[in-house]
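Taking it in order: structure first as structure tokens, then the write-up.
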Amino acid sequence: MKLKYSIDDRMPAGQLAIYAIQWFILAVAVVATSVWIAPPEERLFFAQKLFGVMGIAGLIQLLFGHRMPLVVGPAAVLLVGVAASVRAGASTDAIYSSMAVGGALITLLTFGNVMHYVQRWFTPRIVVVILMLIAFTLTPVISNNLVFSVHPTDSRLFGLIFAPIGCLGMVILNRTLRGVGKSLVIPIALVVGSAAYYLIYPSPEAATATASWRGLFIGSFSLDCGLIIAFVICYIALLINDIGSIESLGAMLQTDNMPRRMKRGVRITGIMNIVSGAMGVLGPVNFSMSPGVIASTGCASRYALIPATVLLALCALSPDLIWVLINIPNPVIGVILLFLMGTQLAAAFEMLHSTKAVQSFADALTVGLPLMVAMLFTMMPKGIAPAMLEPLVGNGFAMGVITVMLLEHVVNRQSKAK
């Protein structure tokens, strides 16, 4: 892929500011879409803590972890785990204590040579599938929770109209704008879309935060064996997601020293999940949306993401600003994510061609079948799988990754060697 700026390239201040704004908007979109898991009366303070943790986690990753331009956000699999645990009647302390235990297990896996053996499993074909899986498995969330959100119900019509217009408009801007101007595509879509939305629908009422040092951490460390087992399964999926995100971007950018980057990146993820559990918020994971941004702008410099993570962390200090950020219209965020997932699929197809990962029908089946399996389990009705397995089985991304691993290294292994 032709890049204007590679991972460790620095750039002029003006261009840095524009690229940083784009990364910041994407990070806000990622974090804001997970705030709903908190009770309404606690949502604003929960969002403050969540923004702070994600900003700090992202900054540490850029400076000391994998040192790659990856957006850090709340893990979707933990969102599923928390929601299921709340429905089962588990206490908040027990839920987030189990999350801290899961983070500790992830951290322990990074010592020794375990990560070295895990990383060897990620062939170019698997990396391509992971890039595609992110886009495919995010589509139901983009559709149901964002573009056609039920709050308010009338906004579904706005999403129906804005989705094709917004996506086509961003494609036109991406083709028309040159150089650093390409990085303005997402900010323009955000401003225009939000302005149009609030010209039609009333602005939400201002909320109040109940921030205090006393509420910064969970009340007590509470261990529930069944809950811990359920979250360990969640963290298996999170580990797959984290490794896949780091490995796929590293392969796409042909980054050097990947074993060390992988170990440090996963270790920071584990440590920050311990911190998140102690603070009673969702734990972070490295998101695989970054290839879409990089493909559309040509900028892969991690230095463009550093100001964005600092701003994200600083937002936690202002309840008023957090209130504004979490009220960016869901349909607008959804359409922006839809465009980014489209560019990510384009990057995956480009990598599929450049690496010649598909040379036979068996190779093509290794790519295609996991996508279908992932969509099957993503749309699977709740309550079919045992409660202990549902956090894993109900995660289409994790099931897709498991399927492609089995096809690549077990079922189609012989045909791959021919």
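The values are calculated or read from the model by the stated rules, or taken from the named source; none is laboratory data. In this text the structure is predicted, and so the values were computed from the model without any measurement. Here Cβ is always computed from backbone atoms with ideal geometry, including for glycine, and neighbour counts include all displayed protein chains.
Remarks
- One residue from 345, 369 being surrounded by 15 or more Cβ atoms within 10 Å (Cβ to Cβ), at pLDDT 85 or above and under 27 Å from residue 168 (Cα atoms): 345
- Residue pairs meeting the criteria (Cβ under 6 Å; at least 6 apart or on separate chains; first within 18 Å of residue 149 (Cα to Cα), in region 326-354; second not polar (S, T, N, Q) and not in a helix (DSSP H, G or I)): 327/204
- Options 223, 249; residue that is surrounded by fewer than 22 Cβ atoms within 10 Å (Cβ to Cβ), of a type in the set (A, V, I, L, M, F, W, C) and modelled with pLDDT under 90: 223
- Among the residues of region 87-109, the ones that are closer than 13 Å to residue 235 by Cβ and of a type in the set (Ser, Thr, Tyr) come to 2 in all.
- Hey, residue 192 assigned to a helix (DSSP H, G or I), within 30 Å of residue 172 (Cβ to Cβ), at pLDDT 80 or above and under 25 Å from the mean Cα position of the chain (by Cα) or not: yes
- Single residue of region 319-338 satisfying the filter (under 14 Å from residue 158 (Cβ atoms) and not in a helix (DSSP H, G or I)) that is modelled with the lowest pLDDT: 328
- Residue 56 vs. criteria closer than 20 Å to residue 187 by Cβ and either modelled with pLDDT of 90 or more or assigned to a helix (DSSP H, G or I) (or both): no
- Some residue of region 298-309 being in contact with a Gly (Cβ under 6 Å, 6 or more places away or on another chain) and farther than 20 Å from residue 44 by Cβ: yes
- Pairs linking a residue in region 242-269 that is in contact (Cβ under 8 Å) with a residue 24 or more places away in the chain to a residue that is among the acidic types (Asp, Glu), with Cβ atoms under 8 Å and 6 or more positions apart or on different chains, are 258/247; 262/247; 265/242; 266/242; 269/242.
- Residues within region 206-220 that are in a loop (DSSP other than H, G, I, E, B) and at pLDDT below 70, tallied: 7
- Boolean, residue 199 is without any contact (Cβ under 8 Å) to a residue 40 or more places away in the chain and either of a type in the set (A, V, I, L, M) or in a helix (DSSP H, G or I) (or both): yes
- Pairs meeting the criteria (first residue in region 11-27 and under 16 Å from residue 300 (Cβ atoms), second residue surrounded by fewer than 19 Cβ atoms within 10 Å (Cβ to Cβ), beta carbons under 6 Å, at least 6 apart or on different chains) are 20/307.
- Of residues in region 74-117 being in a loop (DSSP other than H, G, I, E, B) and under 23 Å from the mean Cα position of the chain (by Cα), the one surrounded by the most Cβ atoms within 10 Å (Cβ to Cβ): 75
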